[in-house]
Amino acid sequence: MAFEGLAERLQGTMKKITGKGKVSEQDVKEMTREVRLALLEADVNFKVVKDLIKRIKERAVGQEVMESLTPGQQVIKVVKEELSELMGGEQSKIAVADRPPTVIMMAGLQGAGKTTTSGKLANHLRKKHKRQPLLVAADVYRPAAVDQLETVGQQLEMPVFSKGTDANPVDIAKEAVEQAKAEHHDYVIIDTAGRLHVDENLMGELEEIKTAVNPDEIFLVVDAMTGQDAVNVAESFNEQLGLSGVVLTKLDGDTRGGAALSIRAVTGTPIKFAGMGEKLDQLEPFRPEGMASRILG
Ligand code: GDP
């Protein structure tokens, strides 16, 4: 599970302070130094760490005394709240279009988990929100991506709109939305092409699809295992395309967690879902507060 190293270190740090009946400025200084090192080691963006530590210090020193908690526990509460806030605070919701279908465009680099996540999201919408999504195979360049999405559709017993690999992705997306309207699907999930790198061709095509179907959500799928790269990728996609959310995949792996903790602060884009495994039911809404509790114990 992701964050294990970070969680272990931070919990060790918190343990030292939790029972304290009095927390001096020196205690806070030592605590924040350890938190800072642990976060940097977990590959959290340098500036993000700096700002976070500053806020924790300001709040931890000279905070109001609450009777129900020891001063040590109060300091920990501050750290937890700030970590949660860093990841977006409130859990963000998925859009619902005034007039269906709600169109969701899935973007990402090859191998990030975009096709799998498209299927997972469709499954989530059906199971948790009782929706009828239409999956759309618009990743026509990666060999077998269309077949892969069709297989996912079969596994889920869900329809997949596909025109093979010779059609133009913009036309595919437009026709799929028309079909969804005609067949009364309430969500359309478009699996767009991924490339090995962020490049102009990729962005150009995504922009064209965006203009053509005017999506309600543009989700970027990023691999949490890629650390700071995931943050950089999110930054460029957000600048060029304007993202409404990020799906962080492979959080079940042995990642250091830096991406999860930096993406929101660096890009301003909330993480909406977390991929927790290869199976189609292993997608969870991302809950900043729950994640902060998981990390701090
Ligand atoms: P795409 O190229 O972005 O469409 O990526 P795929 O959907 O083909 O996924 C690439 C690989 O990552 C596949 O082997 C997936 O099973 C795997 N994968 C996707 N999401 C997750 C996840 O949340 N956890 C794990 N462990 N593997 C994942």
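The values are calculated or read from the model by the stated rules, or taken from the named source; none is laboratory data. Just so we're clear, the structure is a prediction, and the values are computed from it rather than from any experiment. Methodologically, a virtual Cβ is constructed for each residue, glycine included, from the backbone with ideal geometry; neighbour enumeration extends over all protein chains shown.
A few notes on this one:
- Of all residues in segment 65-105 being among the acidic types (D, E) and closer than 30 Å to E207 by Cβ, the one that is farthest from the chain's Cα centre (by Cα): D98
- Test result for D166, in contact with a helix residue (DSSP H, G or I) (Cβ under 6 Å, 6 or more places away or on another chain) and outside any helix (DSSP H, G or I): no
Residues checked against (1) of a type outside the set (D, E, K, R); (2) within 12 Å of the chain's Cα centre (by Cα):
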site: V213; (1), (2): yes, no
site: Q240; (1), (2): yes, no
site: K250; (1), (2): no, yes
site: G257; (1), (2): yes, yes
site: T269; (1), (2): yes, yes
site: G277; (1), (2): yes, no
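- Of the residues in segment 178-196, not one is crowded, with 22+ Cβ neighbours inside 10 Å, free of Cβ contacts under 8 Å to residues at least 60 places away in the same chain and under 16 Å from A97 (Cβ atoms).
- In the set (1) within 16 Å of the ligand (Cβ to nearest atom); (2) modelled with pLDDT under 95, the condition left unmet by V79 is number (1).
- Considered as a group, the residues in segment 1-54 that are assigned to a loop (DSSP other than H, G, I, E, B) and surrounded by 13 or more Cβ atoms within 10 Å (Cβ to Cβ) include one that is modelled with the lowest pLDDT, and that residue is A2.
- Single condition D147 does not satisfy, out of (1) outside any loop (DSSP other than H, G, I, E, B); (2) within 16 Å of the ligand (Cβ to nearest atom); (3) under 24 Å from G242 (Cβ atoms): (3)
- Exclusive hit being farther than 26 Å from A234 by Cα, touching a helix residue (DSSP H, G or I) at 6+ places or on another chain (Cβ under 9 Å) and of a type in the set (S, T, N, Q), set Q91, Q148, Q155: Q155
- Being touching a residue at least 40 places away in the same chain (Cβ under 8 Å), under 18 Å from T269 (Cα atoms), buried (at least 17 other Cβ atoms within 10 Å of the Cβ) and within 15 Å of the ligand (Cβ to nearest atom) is not true of G113.
- Helices (runs of 4 or more DSSP H) fully within segment 184-297 counting 3 or more residues that are charged (D, E, K, R): 200-213, 228-241
- Positions within segment 253-269 being within 11 Å of G227 (Cβ to Cβ) and of a type in the set (S, T, N, Q), in sequence order: T255, S262
- Check on G277, more than 15 Å from the ligand (Cβ to nearest atom) and free of Cβ contacts under 8 Å to residues at least 60 places away in the same chain: no
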